[in-house]
Every structure is written in structure tokens, then in C-alpha cells.
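Before any comments, here is the structure.
What follows draws every value from the coordinates through simple rules; no lab data is involved. Small disclaimer: the values here were computed from a predicted structure and weren't measured. Cβ atoms come from the backbone with ideal geometry, glycine included; neighbour counts cover every protein chain shown.
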Amino acid sequence: MDGLFTKSSLSLAVAAGVLSFTLQAANTEHRVPTNIPQPEEGQFVHVPPTMDDLEKSNLHPELKRVIRRGHDLFVNTQQLRGKNVFNGMNCSSCHLGEGRQPFSAPVWPAAVVLPNYRTKNDHVNSLEERIVGCFSFSMNGKPPEYGSDNMLALAAYHQWLAKGVPMYQSGKSMYGRGFPKLPEPEKGMSFERGKQIYEANCSICHAADGSGLVQNGEVVFPPLWGDTSYNWGAGISRNFTLSSFIKHNMPLGQPNSLTGQESWDVASYINSHERPQDPRYTGNVKETREKYLDTFHKYTNYGLEVNGKLLGDHDNLGGEKDFLKPDALRPRTFSAE
Amino acid sequence: MGMKSQVITAFTILTFSLTAAHAVEGDPVAGKQAVAVCQSCHQPDGSGMNIPGGESWPKLAGLNASYLYKQLLDIKEGTRKSPTMNPFVDMLNEQQLKDVAVYYSQLPPNEGKGGEKATDEQLARGEKLATDGDWNRYIVPCSSCHGSDNQGAGDHFPGIAGQHAGYIADQLRAWKSGKRDNDPQHLMLAIAERLDDEDIVAVSAWLSRQPAKPAK
């Protein structure tokens, strides 16, 4: 599939997309430029449709209703707090701009690369199963049932955002996909430098103690560590993922304002704090780290000693859920029968 | 877990008291005396005034006390330029500025003015910017910092729902031109300079028509 969508096959819609991103970056006279990377030659550029586009489309009214529900769940996932979500996160806390924003892990690629094999759980995953992963780890939660209304709605919203994108094109060729890995930090990662950067750039919203801001029972700024944040199995607990999220998206409205080095330092600082247990916990943190080392934990600080404390060495599930691992999170041995 | 929850409780209390210690310590009774110099513009009920074509006076009633105090201090120290306000802040010492901030923060807000003549189209555009933003231009929604109802979040992000349209528009233009430059980390500047004048008129009008945070 690689190389199928080269520059010569860029559709008109794609070309229009390039134009819109170019315009975005062209405002260089601004004191706070966005500096969003431009598409590279041969990359597939997709500008996901908006909710306004949905209203104008000729999709069946019932499908529109389902997609609207998916969007609503995506930007206000807290409405599932205590049922499916056991922390202070929304989908849109990490997937900014309603899941449409390049370099903010826009969610449309999931709809066109899945089902696919994932190293994280060593089997072929469907789109719904991928969403199950987000709920289990990033939301420290219990995913909506497979095939349920909410699951249908979320999957439909993903698919709507991927409108017009060909299935199974090369993942590497998609402009702005995921949180692209930054070059390795020249000076390594430093807790002390990270702390200073955090206090100067992040704590105004996320608080010095990482708890974010909850006001009148409503999460305004998401918690970055502690009981109400993502757990030790979340993708963003990996330093390379968090550093890229920060570099490309934070502080809010000021993407690419921190250097790569600063982004690594502050990511490692944030991920050097305690958070709810990895749902894959075996009962022993060192053993769990070892078991998922190659596919996951070699990128996290879980099971490592930081400032004299072994991270993840606890039974804390965050205080809101009464199970370690949701039932929906299960291995698959594919049988062709 | 019993031990742990005790530790958490102790930690919560500690965090809470530290937070409370950061809040402005002002005396609303003393503030009521000191506001005599403020009232001709900001009105006895703190509702300010929307002045089409002129410099609107912001509504202060119900705004966060720490935010108000910081603005007063910034004006006194010159990091927020306001020739109109200068003579008045100079009449008050720092404690009086705190008292005034606390006094106004406790007044119940009236409704914002200046959005009455906005068209449906302008209101729709304003609502979209305030609640969804326009990410293709990297304009994040107002609500992502000012709270889901735009009634303010914490000590740094003031309530803008129910503020006068004229004042909101003046401030956004002031950020764009560089006249106002006292926002922490230039978080507001970044967004203001991506707005065009139609955006500013629309979002100011829509916000002015939203309910402000009711006084406690």
C-alpha cells in the first residue's frame, strides 16, 4: 500500500487542505505564531469535515443524530463520569480541536487503518476495540459495551471525520497523524529542568500539584497526574508521546512555542509523578514493567525509582473505580473457524 | 487504605489552605468606603457602562477578586496601560485596592449591554467562536480557559459572559494592537491576534448576552 498516494494522486480536496494549512501558517507577523509544520511532499493531507458540514450533508437524519452524539461524547466525555470514565479527562483533552487537529492525534486515521495489528495487545484490533483501549487507560475507565449506542456513536464520529479518505493507505504518509516522535533530547531528560518549565508554562492552568482545575464539579483544566489523571497504561504516560503532545499543542493556543528539549524535560517531569495503577498490573510493579517492557514500559517511568520512590508500586486505582482491569480489555487468539 | 486516605485528607486540607492563602485578603466593608472614587464610572452596583463609540467601563460586579486586584495593581505599576484608570488607582493604597477587589467580587452582576443590535448571523458566529472556536485558524474556544459557561475559571481567567460588548471588543483590539500586554504568558494575545474585527464584534456581542456568574 505504501506509495500509493503520492503527490500526483492528491485530490482536489487534498490540495484545498494544503492551501488551508498554508494560510494558517502564513500569519508570520503575529507575535505568537503557531509554527505548525507544513505537509511534506507526498504526504496525504486530509482536512476533516466539521459539524457544520455534517448538518449540510445529505446523510440520513438518523445517522446525523448518531454522529452528533459521538461528537458530544468526544468533547464532553465527563458526562460518562462514574459509568465509563473514572478520571477528569475528556477525549478532547488530548485530541484537541474536536479530534480534528493535526499533530494532536487527530482521530480520523483510526477509521482508515483499523482493523489492524497492534503491538500493545498483540492482536488485530477493530475501531471499537481501539476506543476500548482509550477508555481503559487514558480515561482510567470501563469502556462502553461493544455495539452499544455510545460505542456506535463514537465510532461513527471517527468515521465521519475520515470522510473521503481511502482505506488502508500507508500510515506514515498521513500529514499530522498521531504525536510524531521528536528527535531524542540532546541533554537527556531532567526532572529539575522539567519542574522549572512546568511552573513557568503549565501550572497556571494545571496547578503546581498537577491536579488541574475543577470548578463547581466541572473539569476546566485536566489533571496531569494524581488520582484523577490517566493511568500508568495510557499511551501518553510514555515520555515520547507526552513530549510530542506538549511540543505540538501546549500551552493551549501556543503550539511549538517550547523547544524539543523543554518538551522532553517537562514530559518526564509530569510522568515522574504517581498516577492510578496500570490495568495490566500483575500485583508486582517490577514484574509488570518487565512483562510489557518492549512494547510499552521502556518508554515510561513506571516501575522506576524517581527521587527515591518506586513509581507504580501501589494498589491505587484512583479512588473512583472498583476494578483493576475492565472486562472489555481481553486478549484475542484469532481462529479462522 | 485507611492510612492513605488520612494522608490524602491532610494533603487536601493543606492544599486548600494554601490556595485560600493566595486569595486576596480584603475587607469588603472598607472596600465599600474606598469605591467612592470608582462609582462615577463603574456605578454603585458595579455594573459599569457600555458606551457605543467610546471607552466602555467594564462591569466589575461578581468578577474574581484576585483577578480584579491583579488588574488594579498592573495599572498602578504601569504593566497595564489605562490613562482613564491611572488617577483613580493612584488614590488608593494596596490594601484599599484589595478591599475594592473583594467588595466588587461580592456584588451580584446585572446583565451585559451592547449586544442588543447584533444580527442572528453575528450571534451564531460569536457563539461558535466562544464555545467551539475555529481550529482551522487555531482560535481555541473562549470556554477552554474562561470555563464552560465563560463565567470565569480560577484566579487568572475572568468571567466574560455578561460583560459589556463594548468593553470586550475594546480589550481584544487592545491586545491585537499591543496596547494591552499584561496577560499571563500571552495566552490571550495569542488568540486575540488571530481574530479579525468581524470575529471581535460577533464574539463580544454573543458573550455580552450570556448570563454572568451569579454572586455567591
Across region A:7-173, how many lysine pairs, 8 or more positions apart or on different chains, have C-alpha atoms separated by under 23 Å? Please give the number. 9
Can you tell me which of B:Gly54, B:Gly31, B:Gly112 moves the most in a GNM of chain B? Springs connect C-alpha atoms under 10 Å apart. B:Gly54
Normalised radius of gyration for region A:126-201, please: alpha carbon Rg relative to 2.2 N^0.38 Å, two decimal places. 1.59
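Which value, in debye to the nearest 20, describes the size of the charge dipole of region B:25-208 about its Cα centre when Lys and Arg Cβ atoms bear +1, Asp and Glu Cβ atoms bear -1, and nothing else is charged?
Working: 17 positive and 26 negative charges, 57 e Å.
In debye, rounded to 20, region B:25-208 gives about 280.
Compactness ratio of the protein assembly as shown: Cα Rg over 2.2 N^0.38 Å, N = residue count? Kindly include the intermediate steps, with their values, before the conclusion.
Values: Rg = 24.8 Å, N = 553, 2.2 N^0.38 = 24.2 Å.
Taking the Cα Rg and dividing by 2.2 N^0.38 Å, one obtains 1.02.
Which net charge results when you count Lys and Arg as +1 and Asp and Glu as -1 among the other residues whose beta-carbon is under 13 Å from that of B:Thr119? Working shown, then result.
Working: positive: B:Lys117, B:Arg125, B:Arg209; negative: B:Glu116, B:Asp120, B:Glu121, B:Glu127, B:Glu198.
After counting each charged neighbour, the total is -2.
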Principal axis dimensions, largest first and in whole angstrom, of region A:7-173 by Cα: 46, 38, 36
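Express the Stokes-Einstein translational diffusion coefficient of region B:25-208 in µm² s⁻¹, to the nearest whole number, given a Kirkwood radius over alpha-carbon pairs, 20 °C and a viscosity of 1.002 mPa s. Don't jump to the answer; show the numbers that get you there.
Details: Rh = 16.5 Å.
Rounded, D is 130 µm²/s.
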Listed pairs B:Lys98/B:Lys128; A:Lys181/B:Lys176; B:Lys59/B:Lys81; B:Lys70/B:Lys113 exceeding 29 Å between Cα atoms: B:Lys98/B:Lys128; A:Lys181/B:Lys176
Given backbone amide H placed at 1.01 Å from N, residues whose amide H is under 5 Å from that of A:Phe44, ignoring those fewer than 5 places away on the same chain, are A:Met174, A:Tyr175
If you build a Gaussian network model of chain A, linking Cα atoms that sit under 10 Å apart, which residue out of A:Pro102, A:Pro279, A:Pro39 swings the most? A:Pro39
Dimensions (Å) - region A:67-161, Cα atoms, principal axes, largest first: 31, 26, 23
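For n ≥ 4 DSSP H runs only, could you compute -39500 (n - 2.57) per run for chain B, divide by its residues and tell me the 222 nm figure to the nearest 500? Write down the numbers at each step before the final one.
Numbers: 11 runs with 109 residues, N = 216.
Helix contribution divided over all residues of chain B: -15000 deg cm²/dmol.
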How large is the charge dipole for the protein assembly as shown, taken about the Cα centre, if only the Cβ atoms of Lys, Arg (+1) and Asp, Glu (-1) carry charge, to the nearest 20 debye? 600
Can you find, among A:Gly133, A:Gln261, B:Asn64, the residue sitting farthest towards the positive end of the charge dipole of the protein assembly as shown, where Lys and Arg contribute +1 and Asp and Glu -1 at Cβ? A:Gly133
Neighbours of A:Phe245 by Cβ distance under 13 Å: Lys/Arg at +1, Asp/Glu at -1, summed charge +3
Sequence order, region A:265-270: Karplus ³J(HN,Hα) from phi using 6.51 cos²θ - 1.76 cosθ + 1.60, θ = phi - 60°, Hz rounded, Gly and Pro as x, gives 4, 6, 5, 5, 5, 4
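Net charge near A:Ser211: determine it from the other residues with C-beta under 13 Å of the C-beta of A:Ser211, scoring Lys and Arg +1 and Asp and Glu -1. Present the calculation step by step, with values, prior to reporting the outcome.
Working: positive: A:Arg275; negative: A:Asp209, A:Asp227, A:Glu274.
Neighbour charge sum, excluding A:Ser211 itself: -2.
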What nm distance separates the two modelled labels at A:Asn216 and A:Asp53, each placed 7 Å from Cα along Cα→Cβ? 3.4
Once amide hydrogens are built 1.01 Å from N within the peptide plane, the residues lying 5 or more places from A:Leu213 or on another chain with amide H under 5 Å from its amide H are A:Val220, A:Phe221
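Taking only C-alpha pairs under 8 Å that are 6+ residues apart, what is the relative contact order of chain B in percent? Before the final figure, lay out the partial values.
Working: 374 pairs, mean separation 53.3, N = 216.
Relative contact order here is 25 percent.
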Could you tell me the distance between the Cα centroids of region B:74-109 and region A:316-337, to the nearest Å? 56
